[in-house]
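The values are calculated or read from the model by the stated rules, or taken from the named source; none is laboratory data. As the structure is a prediction and not an experimental result, all values here were calculated from the model. Here the Cβ is made from the backbone with ideal geometry for all residues, glycine too, and neighbour counts use every protein chain on show. SASA here: full protein model, heavy atoms, side chains in, ligands and nucleic acids out. Shrake-Rupley method; radii C 1.70, N 1.55, O 1.52, S 1.80 Å.
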Amino acid sequence: MNRSSYGWNVLLFVLTFFTLTFQDDIFRLPYLNSATISEIFRIRTPYSFSLLGILFCHEMGHYLAARYYGIKSTLPYFLPVPFSPVGTMGAVIRIKEPIRNKIQLFDIGIWGPAMSLVLSIPCIVIGLYNSQLVSLAERTALLQAHPELMDIHFGDSILTYLLSQKILGPFDSSLFTVEYNPLAFAGWVGLLITALNLLPFGQLDGGHVVYSLAGEGYRKWIYYLFSAFLLLSLWNYSWILWGLLIYYFIRVEHPFVPDASYPIGKFRKIFGWGMLLSFLLIFPISPITVVSSSGAKSSLGEDLWNILLEVFSK
């Protein structure tokens, strides 16, 4: 890797640190006084440092596995996103040589999400002990008093729901929401990024793992699974965009990689299917919802679900 490549890695790392720390305030920085900037920095750096650590370890899991097999790859490129409540689209590395067999593909694919999962869970657990419940009625009243404001609701996965109920509850999630502290929010984002990477399609980490485990036969059913994934857009329309990204860029099927000369082994099978099953626990059906003074608009899926509940409750 030449020096110019390192320069891009460092530049994108620094830019991502700023977008994580200042988020949508980043373009207001020239108009803010130094005391306000210092306060934003003090409050949000636990989030930016924690999430950068999670993302770095995720990508280094891929990088070190690739280097173990002598496959050239770049160091992580972080992806800053200033117009986002999260501040980043994660990070990537580029594999610069063909992966020679499915065992190498499995090891390179799985160690990224395994690292981010292991780091994200303690972040959200520890952070929840320093988070608090907020009344939805109070938030609604505030939005109605200030219609120009908008609130952002971060949705639960099965795991985050159970953890918040255990640590902060029990509470009625229709009356209260969790206001994550910076460390807990870093854990929430880390789990979301891990879940997105574990989607079992194309060149995503989950695609590498499921293709390595299931072999060529997976091509017979992967499009059925992709069709089921598209149904999630009934609950959150952002999954339409993700579906388009997967279909046209990431691809639904994985490119061909030869089998290894020896079996993948029991440990890798348990590890791989266990990671894929963890996706069900950490995946939020509706990760981010924007709430205005008129409230959160229910999704088509929620409307259909409520209709079914009314029908069968009679």
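Just a few scattered comments:
- Mean projection of the Cα convex hull over all viewing directions, computed for the range 28-164: 11.8 nm².
- Separation of the Ile240 and Val92 label points, Cα + 7 Å toward Cβ, nm: 2.4 nm
- Debye log10 I(q)/I(0) at q = 0.23 Å⁻¹ for the range 228-285, Cα point scatterers: -1.03
- For the range 112-153, the convex hull spanned by the alpha carbon atoms encloses 88 Å³ per residue.
- Charge dipole magnitude, Cβ of K and R +1, D and E -1 - the range 185-267, Cα centre, debye nearest 20: 100 debye
- For the chain, the longest principal axis of the Cα atoms and the long axis of helix 136-145 meet at an angle of about 70 degrees.
- Rg over Rh [alpha-carbon atoms, Kirkwood Rh] for the chain: 0.99
- Note on the range 1-138: with neighbouring protein chains present and a 1.4 Å probe, carbon and sulfur make up 66 percent of its accessible heavy-atom surface.
- Legend: residues Ser261, Ser157, sorted from most to least accessible area (1.4 Å probe; ligands, DNA and RNA excluded), read Ser261, Ser157.
- What the chain shows is 55 Å² of accessible area per residue, with the surface traced by a 1.4 Å probe over protein heavy atoms.
- Global geometry of the range 187-233, whether rounded, prolate or oblate, following the gyration tensor of its Cα atoms and the 1.5 cut on a/c: oblate
- Using a probe of 1.4 Å, the accessible surface attributed to Asp156 totals some 70 Å² when neighbouring protein chains are kept in position.
- Helical mean residue ellipticity (222 nm; -39500 (n - 2.57) per DSSP H run of 4+; nearest 500) of the chain: -18500 deg cm²/dmol
- Only protein heavy atoms count here; under a 1.4 Å probe, Glu39 has an accessible surface of about 80 Å².
- Note on the range 40-172: with charges restricted to the Cβ of Lys and Arg (+1) and Asp and Glu (-1), its dipole about the Cα centre is near 680 debye.
- Label-point separation, Thr289 to Ala141 (7 Å along Cα→Cβ), nm: 2.1 nm
- His146 accessible area, 1.4 Å probe, all protein chains in place, Å² to nearest 10: 80 Å²
- For the chain, the longest principal axis of the alpha carbon atoms and the long axis of helix 300-313 meet at an angle near 70°.
- Helix 205-214 vs. the chain, principal-axis angle (Cα, 0 to 90°, nearest 10): 50 degrees
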